[in-house]
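J.: I have a structure I would like to understand better, so I am pasting it below and will then ask my questions one at a time.
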Amino acid sequence: MSSPFLTRRAALAGAATLPGAAALAGLASPALAEAHSGAAPAPRHHAFAIGDFKVSTLLAGTRTVPDPQSIFGMNVPSEDFAEVSSQNFLPTDAAQFFFTPTVVATGDEVVLFDTGTDPDGIRTALAAAGHAPEDITTVVITHMHGDHIGGLMAGDAPTFPNAKYVTGQVEYDAWSKMDNDGFKAKVAPLADRMSFLKDGDSPLPGITAVSAFGHTPGHMAYHLESGSDRLLLMADTANHYVWSLAYPEWEVKFDADKAAAAESRKKILGMVAADRIPLVGYHMPFPGLGYVETRGEGGFHYVPVSYQMMLKG
Ligand SMILES: [Zn+2]
């Protein structure tokens with residue numbers, strides 16, 4: 001009777017001579033070389049559970065943008081912007097943007113919140129999370145900027161052929177009165193499959209619309225609740241994890257109504273901080289999932305989720 005140690009060692013020695021093991025060993029080198037060159041593919045999804053809901057944040061795209069103070073903190077002196085950035089280990093000559101839709105499998109439905117900048121990005125990220133476009137039963141659009149509606153249509157065909165669509169009434173009404181190419185190409189073709197929400201409405205059980213107007217006229221966040229778990233999908237309520245959280249009143253180029261957007265930041269972030277629930281931010285660093293605490297005079301601090309939510313579900 002041989003000892004377990006010897007048996008295991010013999011098995012490992014044997015495995016090393018098998019063609020399969022040799023092939024795997026051979027594969028390791030190019031993969032490592034790719035990682036060291038910085039060309040390794042980025043993770044495309046991050047899965048976790050909120051009660052019975054299976055949630056994945058989806059990296060549909062990312063982009064480096066120069067001169068971030070032309071976008072964030074437009075109303076503060078450049079020295080202040082530089083000092084806050086430096087305190088937070090951030091450069092001031094470039095920023096990284098992330099585009100992060102969220103998919104939620106509730107058990108009955110597969111709900112996609114926003115669609116990225118283009119159909120390919122969202123299709124690829126959804127596939128990584130194990131979903132085909134045909135699986136999506138409901139698409140919720142938080143607001144109608146191009147980086148949220150861009151994946152809705154692939155040419156003349158809906159990217160999600162079996163979905164119904166939900167968006168805010170105020171948002172839809174505002175964009176339908178504008179002469180906007182994105183709205184005409186991506187939203188208008190789906191209008192007859194669309195239904196419209198106001199603050200507090202539920203598109204599906206456990207999902208509730210929360211007004212966060214200002215970024216766009218009818219921008220909506222969504223509150224998820226299943227079992228004893230909660231999650232706030234804040235969409236574009238705050239678009240940078242430092243500049244927009246520490247200083248909610250710093251003006252942001254993309255906020256249509258800057259005062260209303262600042263009020264929405266204070267309301268939504270204040271609620272999330274008080275209730276100590278996690279949030280997903282569409283433009284937070286991937287995987288876009290964090291907690292918020294109050295800090296300083298009316299400011300907030302972003303605490304990225306680490307392993308807390310991997311311990312459930
Ligand atoms: Zn956006």
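J.: Restricting to Cα pairs below 8 Å that are 6+ residues apart, what does the relative contact order work out to for region 25-304? Please round to a whole percent.
T.: 17
J.: Quick one: longest stretch of the chain between exposed loop trypsin sites (Lys or Arg not before Pro), exposed meaning at most 15 other C-beta atoms within 10 Å and loop per DSSP?
T.: Numbers: sites that count: Lys177, Lys198, Lys253, Arg276, Lys312.
Looking at the chain, 1-176 is the longest stretch - no exposed trypsin sites (Lys or Arg not before Pro) with at most 15 other Cβ atoms within 10 Å.
J.: Tell me which lysines have Cα within less than 24 Å of Lys184's Cα, excluding those fewer than 8 residues away on the same chain?
T.: Straight-distance partners of Lys184: Lys164, Lys198, Lys253.
J.: Which percent, to the nearest 5, of DSSP beta bridges fully inside the chain are antiparallel? Mind showing how you got there, number by number?
T.: On the way: 42 of 56 bridges.
Just about 75 percent of them are antiparallel.
J.: Per DSSP H run of at least 4 residues, take -39500 (n - 2.57); add these up for the chain, divide by its residues and hand me the 222 nm value, nearest 500 deg cm²/dmol. Intermediate values should be presented prior to the final figure.
T.: Values: 8 runs with 86 residues, N = 313.
That comes out to -8500 deg cm²/dmol.
J.: Let me ask something else about it. Over the Cα atoms of region 25-304, Rg to Rh with Kirkwood Rh, two decimal places? Can you show the working numbers first?
T.: On the way: Rg = 18.6 Å, Rh = 19.3 Å.
Checking Rg against Rh, the ratio lands at 0.97.
J.: What shape does region 187-272 take by its C-alpha gyration tensor, where a ≥ b ≥ c are the square roots of the eigenvalues and a/c under 1.5 counts as rounded, a/b above b/c as prolate, and the rest as oblate?
T.: Cα axes put region 187-272 in the oblate bin.
J.: Hull surface divided by four, with the convex hull built on the Cα atoms of region 44-116: how many nm²?
T.: Numbers: hull surface 26.4 nm².
Computing the convex hull of the Cα atoms and averaging its projections yields 6.6 nm².
J.: Could you run the Karplus curve 6.51 cos²θ - 1.76 cosθ + 1.60 with θ = phi - 60° over region 178-190 and give me ³J(HN,Hα) per residue in whole Hz, x for Gly and Pro?
T.: Per-residue couplings from phi come out as 8, 9, 10, 5, x, 4, 5, 7, 10, 9, 3, x, 9 Hz.
J.: Subtract the Cα-Cα distance of Glu297 and Asp135 from 0.36 nm times their separation in residues, and report this length gain in nm to one decimal.
T.: 53.8 nm
J.: Checking the a/c ratio against 1.5 first, then a/b against b/c, what shape does the Cα gyration tensor give for region 116-161?
T.: Values: a/c = 1.45, a/b = 1.40, b/c = 1.03.
Note, shape of region 116-161 comes out rounded.
J.: Then there is this: Compute the angle between helix 4-16 and the longest alpha-carbon principal axis of the chain, please, reported from 0 to 90 degrees and rounded to the nearest 10.
T.: 80
J.: With axes computed from alpha carbons, what is the tilt in degrees of helix 19-37 against the longest principal axis of the chain, rounded to the nearest 10 within 0 to 90?
T.: Compared with the principal axis, the helix lies near 40 degrees.
J.: Using 7 Å Cα-to-Cβ label points, what is the Lys164/Phe196 separation (nm, one decimal)?
T.: Distance between the two pseudo-spin positions: 1.7 nm.
J.: Follow-up question, since we're still on this one. Between Thr92 and Ala256, what is the label-point separation in nm under the 7 Å Cα-to-beta-carbon projection?
T.: 3.2
Readers should treat all values here as calculations from the given coordinates under stated rules, not as data from a laboratory. All values derive from a computational prediction rather than experimental measurement. All Cβ positions, even for glycine, are placed from backbone atoms using ideal geometry, and neighbour counts span all protein chains on display.
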